[in-house]
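The values are calculated or read from the model by the stated rules, or taken from the named source; none is laboratory data. Note that the coordinates shown come from a computational prediction; the quantities given were computed from them, not determined experimentally. Virtual Cβ from ideal backbone geometry, glycine too; neighbours counted across all protein chains shown. Note: areas computed on protein heavy atoms with side chains; ligands, DNA, RNA excluded. Shrake-Rupley method; radii C 1.70, N 1.55, O 1.52, S 1.80 Å.
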Amino acid sequence: MNQADVTKLVSKLRIKVPDQHRRLRSPKGPEGRLDKLRKTVTGLIKFERIELNHHRADEARQYAERLISEAILHGDCHKPTMEIADYWLLEKELLHKLFKVLVPRFENSNTAFTKMYKAPKASSGRNIDKAILELRGNPYPLLTNKHSNNRYLLQNVLLDAAKYEYRQAKYAEMADKIGKNEEISQPKSDDVAKSKPINEV
Amino acid sequence: MISRVHQLKKILNNVEKNVLQIFGFPPRELAMAYTLEKRLPQPKKFTIKDIVGDGILLAVPKFRRTVEKRLKRKFGSPDYVWKMLIPKTNIIVCNSCGHYHERGYICGHCYKKVEAETKEIQDKIQEKLGNLKPIENDVIVLYNGENLPEQPKEFWQGKRIIEMKKDRPQWFSKNLLQKSTQQPSESKDVKPTDLA
Ligand SMILES: [Zn+2]
């Protein structure tokens with residue numbers, strides 16, 4: 001049982017990776033495809049939030065994730081990792097950012113390092129799927145507002161009121177029923193019949 | 001000999017003809033009548049220009065299109081391109097601004113604001129910190145009248161602080177920079193939060 005722990009040797013991406021890569025056609029062939037992706041990864045690390053075509057964003061996202069996870073796994077003293085980073089980051093000042101800013105930021109995270117949203121479709125023009133790709137923990141305003149749990153959200157206020165009313169109606173109905181039953185069985189004990197529904201409400 | 005006689009006879013004939021013709025007698029012998037021939041117009045070679053003249057010629061269909069093809073052109077094919085108008089069932093209302101957007105997509109109205117603000121911050125960062133310098137620290141964005149969150153001094157060592165010269169947009173929640181627990185306030189007014 002001298003096998004090494006494989007999970008520690010290979011960085012496991014926390015995003016869904018498709019079986020086949022996209023071709024991202026380019027006159028230069030596969031090399032051109034990588035050039036495109038390098039540009040995108042560089043832009044992502046530099047600006048932390050970019051908007052681009054969906055296919056390219058999704059493809060570049062995998063490389064960016066891999067790059068960051070390699071950097072976290074091996075650190076900046078590992079030669080192959082440094083070479084990978086040198087290849088993927090076209091602007092060399094970003095090498096420092098990768099190892100000194102992004103690695104501490106994502107070291108202890110247990111989610112993916114990037115986030116991708118579908119951008120709203122343009123009402124006119126080419127109907128191409130756009131995506132917004134961003135690094136987590138960026139300083140920009142949030143793209144999605146998750147206040148569906150906010151108590152003061154108008155919809156929630158209305159829903160609460162509706163629920164409350166429905167419950168009140170149900171209780172009143174139940175109280176009526178109980179009152180009637182008791183009247184039939186024990187017509188004399190009026191005070192008991194009245195007090196019970198009040199307690200329940 | 002005979003030719004001489006013949007010649008003489010010919011001369012006499014000529015004299016008779018010419019002299020007697022002055023008096024219009026006897027009538028001339030029958031002869032082939034010659035009339036100036038009028039030439040008939042030759043049938044010209046037919047060219048398309050005769051019809052078109054100065055105008056232009058449009059291409060016209062040669063054959064009738066089949067019903068199937070006509071219908072396909074009109075309505076498309078449900079398997080490929082369906083040209084009929086179909087109601088979309090994936091439109092929902094944005095929780096924060098109330099505009100409509102497709103499910104699974106970001107609300108366009110909200111995104112416009114966020115995009116503009118993001119662009120502004122990005123420009124500011126580029127302008128202030130510039131290129132070609134190794135980037136070694138994270139960026140913190142502060143708006144007008146905002147202070148650094150309470151943290152030990154070492155935490156802020158070398159952090160790059162970007163000051164936006166304007167107030168924080170109301171929709172840009174400050175939650176990230178606030179303490180997680182707030183002191184319970186005395187007032188009983190309910191403050192609307194996170195409104196668009
Ligand atoms: Zn919205």
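Points worth noting:
- Condition met for B:E102 (open to solvent by 50 Å² or more (accessible area, probe 1.4 Å), modelled with pLDDT of 90 or more and at the interface with another protein chain (Cβ under 10 Å from one of its Cβ atoms)): no
- Residues in the stretch B:112-123 that are without any contact (Cβ under 8 Å) to a residue 24 or more places away in the chain and either more than 9 Å from every other protein chain (Cβ to nearest Cβ) or farther than 16 Å from B:Y143 by Cα (or both): B:K112, B:E115, B:A116, B:K119, B:D123.
Matching residues to (1) more than 10 Å from chain A (Cβ to nearest Cβ); (2) free of Cβ contacts under 8 Å to residues at least 60 places away in the same chain; (3) under 30 Å from A:L143 (Cβ atoms):
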| residue | (1), (2), (3) |
| --- | --- |
| B:L36 | yes, yes, no |
| B:I48 | yes, yes, no |
| B:I91 | yes, yes, yes |
| B:C97 | no, no, yes |
| B:I125 | no, yes, yes |
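- Within the stretch A:154-161, at least one residue is open to solvent by less than 60 Å² (accessible area, probe 1.4 Å) and more than 16 Å from the ligand (Cβ to nearest atom).
- Positions within the stretch A:155-176 being more than 9 Å from chain B (Cβ to nearest Cβ) and within 23 Å of B:R103 (Cβ to Cβ), in sequence order: A:N156, A:L158, A:L159
- Boolean, A:K115 is free of Cβ contacts under 8 Å to residues at least 40 places away in the same chain, assigned to a loop (DSSP other than H, G, I, E, B), out of contact with any His (no Cβ under 7 Å at 6 or more places or on another chain) and not small (G, A, S): no
- Scanning the stretch A:77-92 finds one or more residues that are of a type in the set (F, W, Y) and buried (at least 20 other Cβ atoms within 10 Å of the Cβ).
- Unmet requirement for A:P80, which otherwise passes all of (1) more than 13 Å from chain B (Cβ to nearest Cβ); (2) under 21 Å from A:L13 (Cα atoms); (3) within 27 Å of the chain's Cα centre (by Cα): (3)
- The set of residues in the stretch B:10-33 being part of a loop (DSSP other than H, G, I, E, B) and at pLDDT 75 or above consists of B:F23, B:L30, B:M32, B:A33.
- Qualifying residue in the stretch B:156-164 (condition: under 30 Å from A:S123 (Cβ atoms), modelled with pLDDT of 70 or more, at the interface with chain A (Cβ under 8 Å from one of its Cβ atoms) and more than 14 Å from the ligand (Cβ to nearest atom)): no
- Checked against (1) open to solvent by 70 Å² or more (accessible area, probe 1.4 Å); (2) over 18 Å from A:I15 (Cα atoms); (3) not in a helix (DSSP H, G or I), A:N108 meets all criteria but (2).
- Of all residues in the stretch A:122-143, those satisfying the criterion of being outside any loop (DSSP other than H, G, I, E, B) and either hydroxyl-bearing (S, T, Y) or within 12 Å of chain B (Cβ to nearest Cβ) (or both) are A:K130, A:A131, A:I132, A:E134, A:L135.
- Hey, A:N181 more than 13 Å from chain B (Cβ to nearest Cβ), out of contact with any Phe, Trp or Tyr (no Cβ under 6 Å at 6 or more places or on another chain) and surrounded by fewer than 17 Cβ atoms within 10 Å (Cβ to Cβ) or not: yes
- Residue under evaluation B:N137, criteria (1) open to solvent by less than 60 Å² (accessible area, probe 1.4 Å); (2) in a helix (DSSP H, G or I), criterion not met: (2)
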